[in-house]
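Worksheet: the structure to be examined is printed underneath.
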Amino acid sequence: MTAWARTPTGRAYLLLVVLVVVWGCHWVIAKLGLETIPPFTYAALRLLTGIAVLAALMQGAGRLRRPAGFDWPIVVSYGLLAVAVGIAMMNLALPFVPAGRSSILAYTLPLWVVPIMAVVARAWPTRRETAGLFLGLAGLVLLLNPVAIDWSSPDVLIGSGLLLLGAVAGALALVHVRAHRWQGTPFDVQLWQLLVALVPMVLLVALLERDEWSAIDWDVGAVLVVLYSGPLATAFAFWASQSIVRAIGPMATSIGYLAVPIVGIVAGAVVLREPVGALDLLGFAVTSAGIVVVLLARQTETGPSTGATDAEAFEAMLADGAELPETVSARR
């Protein structure tokens, strides 16, 4: 190992590479898991296992405590919008949309912040933000045009729409993150956001999927899929994303996360034999360029972050969705 790799910055970049691979491959892992596990059951199991591991990590760090009183609104809004809606949309869409394409659509989240801020906060976009938004939308046109996807298939169109809806929900949550006055830190509320997201998932499982439990084949593959999604792609990702953004800053971290769809595309092509056309690659490149322009425009407007809390809040825009990522993990 080189001297650079032993420095905090070097370790952070290496950890970023690991995290990008974990999240990128997760789109394929989730698609495989959804072949045998119903979507809301899968989501609930992901949250449950992630909560268990994250609680252990926070207890070990001496930070397992209830959020401060004024932080509960962000716990509820982010838990429901970014986590619950994001994961639900991902799981409902993946059976019908290729994993690689799904990862691209989900990572359009930063683009939707621009119009939402204009409507909600009357923060009109700058020229650079407007240019980035239109560039990103042009990329979406390439990804969703009738040549690239089968418009005669309602499942494909609905699945693509659900992924974009999840991205918009995450963007709404991010706007709240930016406006919220924090008493604690985003790391302190992560566990509670997952718990909030778990509530509607359990209700949906009980209402819609209870009769499907007996049909689930709990073989080794199914167990490994859940363990990948929960402890690795959720709990580990939360910890790792915090460590990365504190070491190298939110801008480098956010742009680095744009490699997640690249890994998703490659993993989908290799593992699932998903076709990757020229329009897919061009659409991803144009969309990514738009996201980068928006991110850089926002950084120019606000200036570099001066505190850990500001950095964590900014980094939340690329959470899993999220993958969704969640307040500090990208999604999904």
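Quick one: which residue in Ala233, Ala169 is within 27 Å of Thr287 (Cα to Cα), part of a helix (DSSP H, G or I), among the hydrophobic types (A, V, I, L, M, F, W, C) and in contact with a Lys or Arg (Cβ under 9 Å, 6 or more places away or on another chain)? If you could, list the steps in order and put the result at the bottom.
Working: Ala169 fails: in contact with a Lys or Arg (Cβ under 9 Å, 6 or more places away or on another chain).
It is Ala233.
Return yes or no: is Ile244 surrounded by 22 or more Cβ atoms within 10 Å (Cβ to Cβ), in contact (Cβ under 8 Å) with a residue 24 or more places away in the chain and part of a helix (DSSP H, G or I)? For Ile244, the condition - surrounded by 22 or more Cβ atoms within 10 Å (Cβ to Cβ), in contact (Cβ under 8 Å) with a residue 24 or more places away in the chain and part of a helix (DSSP H, G or I) - is met.
Considering each of Leu164, Leu144 in turn, give the residue that is farther than 16 Å from Leu258 by Cα, crowded, with 17+ Cβ neighbours inside 10 Å, more than 18 Å from the chain's Cα centre (by Cα) and of a type outside the set (D, E, K, R).
Values: Leu164 fails: more than 18 Å from the chain's Cα centre (by Cα).
Result of the check over Leu164, Leu144: Leu144.
Thr36 meets the conditions (1) over 17 Å from Gly170 (Cα atoms); (2) in a helix (DSSP H, G or I); (3) among the hydroxyl-bearing types (Ser, Thr, Tyr) in every case but one. The failed one is (2). Kindly provide the set of residues from segment 53-63 that are in a helix (DSSP H, G or I) and out of contact with any helix residue (DSSP H, G or I) (no Cβ under 8 Å at 6 or more places or on another chain), ordered by number. Within segment 53-63, Ala56, Gln59, Gly60 meet the criteria. Residues in segment 142-181 that are at pLDDT below 90 and within 20 Å of Val276 (Cβ to Cβ): Leu142, Leu143, Leu144, Asn145, Pro146, Val147, Ala148, Ile149, Asp150, Trp151, Ser153.
Please verify whether segment 127-142 includes one or more residues that are not in a helix (DSSP H, G or I) and not aliphatic (A, V, I, L, M).
Let us first name the residues in segment 127-142 that are not in a helix (DSSP H, G or I), namely none.
Checking segment 127-142: not a single residue is not in a helix (DSSP H, G or I) and not aliphatic (A, V, I, L, M).
Suppose the filter is at pLDDT below 90, of a type in the set (A, V, I, L, M) and buried (at least 20 other Cβ atoms within 10 Å of the Cβ); does Val97 pass it?
Numbers: at pLDDT below 90: no; of a type in the set (A, V, I, L, M): yes; buried (at least 20 other Cβ atoms within 10 Å of the Cβ): yes.
Considered against the rule, which asks whether it is at pLDDT below 90, of a type in the set (A, V, I, L, M) and buried (at least 20 other Cβ atoms within 10 Å of the Cβ), Val97 comes out as no.
Does segment 91-111 contain at least one residue that is of a type in the set (Ser, Thr, Tyr), in contact with a helix residue (DSSP H, G or I) (Cβ under 8 Å, 6 or more places away or on another chain) and either over 29 Å from Gly132 (Cα atoms) or not in a helix (DSSP H, G or I) (or both)? Full working, then the answer.
As a first pass, look at segment 91-111 and keep what is of a type in the set (Ser, Thr, Tyr): 102-103, 107-108.
Narrowing the set further to residues that are in contact with a helix residue (DSSP H, G or I) (Cβ under 8 Å, 6 or more places away or on another chain) leaves 102-103, 107-108.
Of the ones still in play, those that are also either over 29 Å from Gly132 (Cα atoms) or not in a helix (DSSP H, G or I) (or both) are 107-108.
Yes: segment 91-111 contains one or more residues that are of a type in the set (Ser, Thr, Tyr), in contact with a helix residue (DSSP H, G or I) (Cβ under 8 Å, 6 or more places away or on another chain) and either over 29 Å from Gly132 (Cα atoms) or not in a helix (DSSP H, G or I) (or both).
The values are calculated or read from the model by the stated rules, or taken from the named source; none is laboratory data. Since this is a predicted model, take the numbers as computed values, not measurements. Here Cβ is always computed from backbone atoms with ideal geometry, including for glycine, and neighbour counts include all displayed protein chains.
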